[in-house]
Structures are given as structure tokens and as C-alpha cells.
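Visitor: Okay, handing you the structure first.
Derivation of every value follows stated rules applied to the coordinates shown; laboratory data play no part. Note that this is a predicted model, so its numbers are computed, not measured. Please note: Cβ atoms are built from the backbone with ideal geometry, for glycine as well, and neighbour counts cover all protein chains shown.
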Amino acid sequence: MSGKRSRMSLEGLKKRGEPWYVQGMSAPGVSIEATLPDVERLLAFGQELSDTPGNHLLIHCHAGVSRSTASAALILAQARPDRPAREALEAVAQLRPRAWPNLRILEFGDELLSRNGEIVAAAAAIYRRVLDREPLLQEAMIDGGRSREVVAALSPADQR
């Protein structure tokens, strides 16, 4: 696009073959669930960003809780493979205390970055801290189809 931003139609989004959502609502026939290719593209972007010194990244999201925080954590974990994944998740949680990183995105990223479950395990501590602070969120997350994340939060560390 040349300088001018325009809103693509739903049909245009479908033709691109990528999952999208419109105004925070799922649209008929359009998936909003992350896929492995989505996370591969995210990490390719993150690598490109890391390869250029002095780059900064701003992630803008309406809620800034799930997909955006998972994406930020993966880009940080990718940029610093020598550091524990826990540090990447904690850095995001410090910036965004409401963070509840999307487990599906983290699982794909963990696999692609060969972290052997380290990223997923680190997310459980973030989920636990959020539930300790906001216990009513547990039911909302389960009702919203995010029960695997709640189970991770409630499981003892040695069983994750």
C-alpha cells in the first residue's frame, strides 16, 4: 500500500489465506486460532527485527492480554536463546501485568525454538500469578475455552 491505509474487506482477508478477525469478533468462515504457519511467520519477523541493530518493536493490541503477549514473549525468547524462557515471560508480564499469553502460540513457539517445554512451563507461573490476583478469571478462562491454561496454572510445578 502506498502511504494511504485502507480497510480490507472480509472477502479480501479470506483471499489472503490467513486467519483474521474483525473488530475483535470472529467472522463466519475465518479462523482466529493461531496455526503453526502463523507462528513461523511471527518468528521470521522477529529474526528479521533482531538482525538489524537498533530496532525497536511496539506491539499494539486492543486488549493486550493473550496473543500479543505470547508473541512478544516468543520474540524475546528467540532474540536471547541463551537466557531462560522465564525471563522473557517475566519481562512481558512486568510491562503488561494482565498478561495471559496464549498457550497455543507458546506451544508452537516452544517447538520451533527448540526450547523443550521451557516456554510453556514458564507461562504456567504467569497464569498462576494472574489467578492469585484475580481468582474470578479462572471461571471466565474455562468458559472461554482456555481450560488447559487454567490447568497449567493450578498444577504443581513438578507436574508441568
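Visitor: Along the Cα→Cβ direction, 7 angstrom out, place labels at SER114 and ARG129. What is the inter-label distance in nm?
Guide: It is 2.9 nm.
Visitor: How far is it, in nm, from the label point at ALA44 to the one at ARG83 when both lie 7 Å from their Cα along the line to the Cβ?
Guide: With each label placed 7 Å out from Cα toward Cβ, I get 2.6 nm.
Visitor: Over region 35-159, one equal point on each Cα, no solvent: what is log10 I(q)/I(0) by the Debye formula at q = 0.15, 0.18, 0.19, 0.22 Å⁻¹?
Guide: Each listed q corresponds, in turn, to -0.65, -0.93, -1.03, -1.37.
Visitor: If you don't mind, there's one more thing I want to ask. According to a simple spin-label model (label point 7 Å from Cα along Cα-to-Cβ), what is the distance in nm between ARG148 and ILE59?
Guide: 1.8 nm
Visitor: For region 35-159, give the magnitude of the charge dipole about the Cα centre (Cβ charges: +1 Lys/Arg, -1 Asp/Glu; no others), in debye to the nearest 20. Intermediate values should be presented prior to the final figure.
Guide: Working: 14 positive and 17 negative charges, 59 e Å.
In total the dipole reaches around 280 debye.
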